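The values are calculated or read from the model by the stated rules, or taken from the named source; none is laboratory data. Quick caveat: nothing in here was measured; it's all calculated off a predicted structure. Every residue, glycine among them, receives a Cβ derived from its backbone with ideal geometry; neighbour counts consider all protein chains shown.
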Amino acid sequence: MPVKIRTQVGIIGAGPAGLLLAYMLRRAGIDSVILEKRSRSYILGRVRAGVMEQATRDLLIELGLGDRLCRDGLLHKGFEIRFANERRRIDLSELTGGKVITVYGQQEVVKDLLAALEQENYPLHFEIDDVHLEGIDEGAPCIRGRGAEGPIEISCDFIAGCDGFYGVSRPSIPDGVLSVLSREYPFAWLSILAEAPSASHELIYAHHQRGGAIYSMRNKRLSRHNLQCDPDGAAKSWPADKIWDELEVRLNADNSERLPRGPILDRVITRMRSFVVEPMQYGSLFLAGDAAHIVPPTGAKGMNLAVADIKCLAAGFIEHYRAGRRDKLNAYSTICLARIWRVQRFSWWMTSMFHRFPDQDTFTAHMQIAELDHATGSQAAAASLAENYVGLPHSC
Ligand code: FAD
Ligand code: DHB
């Protein structure tokens with residue numbers, strides 16, 4: 001006999017999007033249940049994004065999730081761009097009227113959300129296989145899956161598809177409904193997390209003829225770095241010394257700033273793509289976060305976009321259950337997509353500017369340098385870069 005659960009919103013996926021939605025709905029007195037494919041320890045250990053926009057930070061603090069964020073998150077008022085022997089600082093705070101970014105790992109956000117939900121005995125079901133959606137176009141949706149205790153069945157009013165790029169929600173929408181717009185880039189990122197103190201207290205984005213590099217950190221002991229690499233290469237083919245040597249070359253480190261090295265705790269190669277589906281809703285299914293869109297990570301926007309979607313989606317559910325109106329739910333896709341496309345543009349622009357393309361000719365290389373020179377040398381252009389990097393205001 002399946003375990004049968006009735007709830008208002010069935011949520012698929014316990015990444016930042018699903019967990020935040022569950023938390024916001026719980027605060028508003030709306031019932032939901034999460035089904036997650038992976039284990040609790042797996043989602044807590046998943047190292048991913050680390051740069052938080054001002055509006056993401058403000059929202060988490062407003063929701064009462066800011067204790068560890070304010071204590072351990074690193075406030076950054078600027079970052080450095082290196083190219084063609086130049087080192088230019090983008091003063092984010094000055095260029096945006098005081099806004100900043102916060103370096104705080106995505107897995108810390110997941111940890112905070114999970115702790116807050118578990119404190120209230122929130123129904124979160126881990127290690128659920130074979131999740132599939134039924135009745136999304138009939139107004140009586142149902143999610144079925146299989147857990148350690150056997151089949152599970154969630155009947156609900158709405159389904160939130162927060163199950164990332166490879167999830168089941170988006171493919172449950174009938175063929176022909178969604179427009180899929182995407183671009184694959186001919187390179188990937190090798191991302192490492194290393195037990196090594198950071199050499200710089202601010203992020204460094206580097207353009208180099210051998211490929212792009214990003215120098216980042218998590219705290220005084222842990223550094224996080226990204227190197228442009230071949231998408232078909234294996235992370236194992238990068239011995240530790242090669243990674244550190246390559247980082248030093250691409251960051252144009254001089255003798256006075258050799259990178260502190262240390263054991264590499266995590267390394268992963270991620271392909272880069274831009275991807276959007278339109279609309280983000282079908283019947284009673286709403287897609288949010290990576291389930292609906294992917295940005296190349298160069299703009300550091302993935303988690304922030306997921307948070308922005310959820311703010312709108314939660315507002316829509318709250319309006320529906322409190323006021324009996326669907327205006328915000330009906331506008332969800334249109335409002336989110338307007339912001340998503342602006343963020344796609346920024347992420348695509350940053351990606352085009354910092355990476356070496358395989359077929360790149362000398363003219364293109366000059367265009368990149370000119371773009372970097374303009375973006376960092378013109379007050380107006382730097383202000384535009386800063387406005388986007390600290391994050392556009394939320395639309396809901
Ligand atoms: P996810 O975090 O992907 O969460 C989806 C959840 O759904 C997962 O827990 C998954 O296990 C679960 N799920 C999937 N399928 C099913 C199913 N069938 N049934 C039930 N549950 C399911 N962004 C940056 O800005 N900078 C970075 O450096 C960066 N690095 C990244 C590195 C990697 C390897 C990846 C994959 C992403 C990275 N991103 C980065 C993007 C950023 O992490 C995502 O945008 C963010 O995680 C989106 O959150 P989400 O909740 O929408 O999706
Ligand atoms: C980090 C991730 C990014 O995507 C980026 O552009 C800069 C820094 C990070 O994980 O710290």
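Per-residue answers, yes or no, for (1) within 16 Å of ligand 2 (Cβ to nearest atom); (2) on the phi > 0 side of the Ramachandran plot; (3) buried (at least 24 other Cβ atoms within 10 Å of the Cβ); (4) assigned by TED's automatic domain parsing to the domain that holds Met303:
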residue	(1), (2), (3), (4)
Gly10	no, no, yes, yes
Gly13	no, yes, yes, yes
Ala17	no, no, yes, yes
Ala22	no, no, yes, yes
Arg27	no, no, no, yes
Asp31	no, no, no, yes
Arg38	no, no, no, yes
Gly64	no, yes, no, yes
Practice task
Tell me, please, whether a residue that is touching a Leu at 6+ places or on another chain (Cβ under 6 Å) and in the same structural domain as Gly135 (by TED's automatic domain parsing) can be found in the stretch 287-297.
Solution key: yes
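Report whether or not Gln209 is away from ligand 1 (no atom under 16 Å from the Cβ), over 17 Å from Ile90 (Cβ atoms) and of a type outside the set (Val, Ile, Thr).
On the way: away from ligand 1 (no atom under 16 Å from the Cβ): yes; over 17 Å from Ile90 (Cβ atoms): yes; of a type outside the set (Val, Ile, Thr): yes.
Yes; evaluated as a whole, the condition is true for this residue.
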Practice task
Give the stretch 290-318 a look and list any residue that's within 15 Å of ligand 2 (Cβ to nearest atom), touching a residue at least 60 places away in the same chain (Cβ under 8 Å) and part of a helix (DSSP H, G or I), or say none.
Solution key: Asp290, Pro297, Thr298, Gly299, Gly302, Met303, Asn304, Ala306, Val307
Exercise for the section: Give me the pairs, please: first residue somewhere in the stretch 198-209 and in a loop (DSSP other than H, G, I, E, B), second residue anywhere and within 16 Å of ligand 1 (Cβ to nearest atom) and modelled with pLDDT of 95 or more, beta-carbon distance under 6 Å, and either six or more positions apart or on two chains. Expected result: Ser198/Met217; Ser198/Ser223; Glu202/His76; Glu202/Phe79; Leu203/Phe79; Leu203/Ser216; His207/Phe354
Handout entry: Unique match (being more than 14 Å from ligand 1 (Cβ to nearest atom) and of a type outside the set (A, V, I, L, M, F, W, C)) among Glu127, Glu120
Key = Glu120
Exercise for the section: Hey, can you tell me all the residues within the stretch 41-57 that are near ligand 1 (Cβ under 7 Å from one of its atoms) and surrounded by fewer than 24 Cβ atoms within 10 Å (Cβ to Cβ)? Expected result: Ile43, Arg48, Ala49
Exercise for the section: Quickly run through the stretch 191-219 and pick out the residues that are more than 10 Å from ligand 2 (Cβ to nearest atom) and within 16 Å of Pro263 (Cβ to Cβ). Expected result: Ile192, Ala194, Glu195, Ala196, Pro197, Ser198, Asn219
Problem - Every pair of residues 6+ apart whose Cβ atoms lie under 9 Å, when the first sits in the stretch 145-167 and is of a type in the set (Lys, Arg) while the second is within 11 Å of ligand 1 (Cβ to nearest atom) and part of a loop (DSSP other than H, G, I, E, B) - result: Arg146/Ile128
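Here are some residues: Ile43, Ile61. Which one is assigned to a helix (DSSP H, G or I), farther than 30 Å from Arg250 by Cβ and free of Cβ contacts under 8 Å to residues at least 24 places away in the same chain?
Working: Ile43 fails: free of Cβ contacts under 8 Å to residues at least 24 places away in the same chain.
Criteria check complete, one pass: Ile61.
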Exercise for the section: Report yes if Glu127 is closer than 30 Å to Leu74 by Cα, more than 16 Å from ligand 2 (Cβ to nearest atom), modelled with pLDDT of 95 or more and surrounded by fewer than 19 Cβ atoms within 10 Å (Cβ to Cβ), otherwise no. Expected result: no
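Among the residues of the stretch 233-248, how many are surrounded by 15 or more Cβ atoms within 10 Å (Cβ to Cβ) and either within 14 Å of Gly211 (Cα to Cα) or modelled with pLDDT of 85 or more (or both)? Explain how you work it out, then say what you get.
If we filter the stretch 233-248 for residues that are surrounded by 15 or more Cβ atoms within 10 Å (Cβ to Cβ), which is where we start, we get 235, 238, 243-244, 246-248.
From the residues that got through so far, the ones that are either within 14 Å of Gly211 (Cα to Cα) or modelled with pLDDT of 85 or more (or both) too are 238, 243-244, 246-248.
The total comes to 6.
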Fill in the blank from the handout: Here the residues within the stretch 93-114 that are within 16 Å of ligand 1 (Cβ to nearest atom) and either on the phi > 0 side of the Ramachandran plot or not β-branched (Val, Ile, Thr) (or both) are Tyr104, Gly105, Gln106, Gln107, Glu108, Lys111, Asp112, Leu113, Leu114
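Quick check on Arg322: is it under 30 Å from Ile30 (Cα atoms), at pLDDT 95 or above, away from ligand 2 (no atom under 16 Å from the Cβ) and among the basic types (Lys, Arg)? Can you show your working first?
Values: under 30 Å from Ile30 (Cα atoms): yes; at pLDDT 95 or above: yes; away from ligand 2 (no atom under 16 Å from the Cβ): yes; among the basic types (Lys, Arg): yes.
Answer is yes for this residue.
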Exercise for the section: Tally the residues that are touching a Cys at 6+ places or on another chain (Cβ under 8 Å) and near ligand 1 (Cβ under 6 Å from one of its atoms), restricting the search to the stretch 267-290. Expected result: 1
